[in-house]
């Protein structure tokens, strides 16, 4: 049941899902951020956080491995995918401001094929701090003008 949902998630990230997040997310979805202590409940706030994450985590432009380093650098990409019945764990890597960012998206769907839980975990600590700073700035820019 999760595979078609993850296929749609990948299509969304490629800009190929006409319905966007509205098509993917359940009205009562819960978003767990690596930064914010409390779960964020509902489609509107989850959409805002996921759009900010996509804008924040594209990574540095050059996708390559640094000379003499085994640490990959470059744009956001998934490195592993583990699928269960209704849950997927997608490991990702990117670099931001030259810092390595590694994390997982844990996505759970309902029987209707909509995401009901989206949990993001990031490491190492300096990556968490950088993502926090950049997400805050991105969310501020996304606020409607008063």
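Brief remarks follow.
- Taking 36, 106 and counting other C-beta atoms within 10 Å, the order from fewest to most: 36, 106
- Taking every alpha-carbon pair in the chain and binning the separations at 10 Å intervals from zero gives 11, 40, 36, 11, 1 percent.
- Helix 125-142 and the long axis of the chain differ in direction by around 60°, with both axes built from C-alpha atoms.
- Principal-axis tilt of helix 43-56 within the chain, Cα atoms, nearest 10 degrees: 20
- Fewest-first ranking of 33, 75, using other Cβ atoms within 10 Å as the exposure measure: 75, 33
- Rel. contact order, % - alpha carbon contacts under 8 angstrom, at least six apart, the chain: 24
- Relative exposure of 46, 56, 79, judged by other C-beta atoms within 10 Å (fewest first): 79, 56, 46
- Rounded to the nearest 500, the helix-only mean residue ellipticity at 222 nm of the chain stands at -10500 deg cm²/dmol, with each DSSP H run of n ≥ 4 adding -39,500 (n - 2.57).
- Multiplying the residue separation of residue 143 and residue 97 by 0.36 nm and removing their Cα-Cα distance gives an extension gain of 14.2 nm.
- Degrees separating the helix 2-13 axis from the principal Cα axis of the chain, which is the longest one: 60
Any read-out appearing in this document is the output of simple, stated calculations on the displayed coordinates, not a laboratory observation. Just so it is clear, the structure is predicted and the values come from calculations on it, not from any experiment. Glycine gets a Cβ as well: all are built from the backbone with ideal geometry, and neighbour counts include every protein chain shown.
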